[in-house]
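What follows is a set of notes on a single structure, which appears directly below.
The values are calculated or read from the model by the stated rules, or taken from the named source; none is laboratory data. These numbers come from a predicted model, not from an experiment. Glycine also receives a Cβ, built like all others from the backbone with ideal geometry; neighbour counts cover every protein chain displayed. With ligands, DNA and RNA removed, areas are computed over all heavy atoms of the protein, side chains included. Shrake-Rupley method; radii C 1.70, N 1.55, O 1.52, S 1.80 Å.
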Amino acid sequence: MSDRPGTVDKPLRADARRNRDKVLQVAYEVFAAEGLAVPIDEIARRAGVGAGTVYRHFPTKEALYRAIVVDRVEHLVATARELAAAHTAGEAFYAFFDLMTTEGATDKGLADALAGEGIDLGDVMPEHERSFKDALGELLRSAQAAGTVRPDVTVADVKTLMVGCQAMQRYGGDAAPERVLGVVREGLRP
């Protein structure tokens, strides 16, 4: 898939592929640590390439972020499926909830995307937002069928709780994160 709408992928030269991969890695790390507000020129500087190199591969910040998020969402969807296959329904649901809460607390870019800050996944990448919600929904419905999650909880409820727990862990406060997560888990149980 091309990062530019209406263009066809051409094989990249080896050096261009390395530069693109380096930009993606640095951008992922920068967005995770600092959020989406970091300018592309700063990402280029940290990657050791010129801004033109970044813009050749990703004409907008949105295109760069999209490439990172596509990879992250695909990874999270695969993880949800792996958890569902390897654990009981309740264990899989709560393990995924904990993973998302922990990763979102350390990955500001992911937390921003889930919260709809900077770039709204539903608007920019509806197919990936849908894929994430479908995977979360499968875990939720299985856990509800197993009697380990309240039947009135929706995917939107769980996503909101994840974003709230991520923010709580990221920004601290007086409450101990594990205690608050325990309270949230108990609130999800029937």
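Points worth noting:
- Matching entry among Met162, Met168, Met125 (being at pLDDT below 95, touching a Phe, Trp or Tyr at 6+ places or on another chain (Cβ under 7 Å) and within 30 Å of Ala63 (Cα to Cα)): Met162
- In the set (1) surrounded by 16 or more Cβ atoms within 10 Å (Cβ to Cβ); (2) farther than 30 Å from Leu136 by Cβ, Phe31 fails one condition alone, (2).
- Whichever residue in the range 131-154 is part of a helix (DSSP H, G or I) and open to solvent by 30 Å² or more (accessible area, probe 1.4 Å) and, among such residues, is nearest to Thr88 (Cα to Cα): Ser142
- Residue match in the range 36-43 (condition: of a type outside the set (Gly, Ala, Ser), in a loop (DSSP other than H, G, I, E, B) and within 17 Å of the chain's Cα centre (by Cα)): yes
- Test: residue in the range 76-86 that is of a type in the set (Val, Ile, Thr), in contact with a helix residue (DSSP H, G or I) (Cβ under 8 Å, 6 or more places away or on another chain) and farther than 19 Å from Leu181 by Cβ: yes
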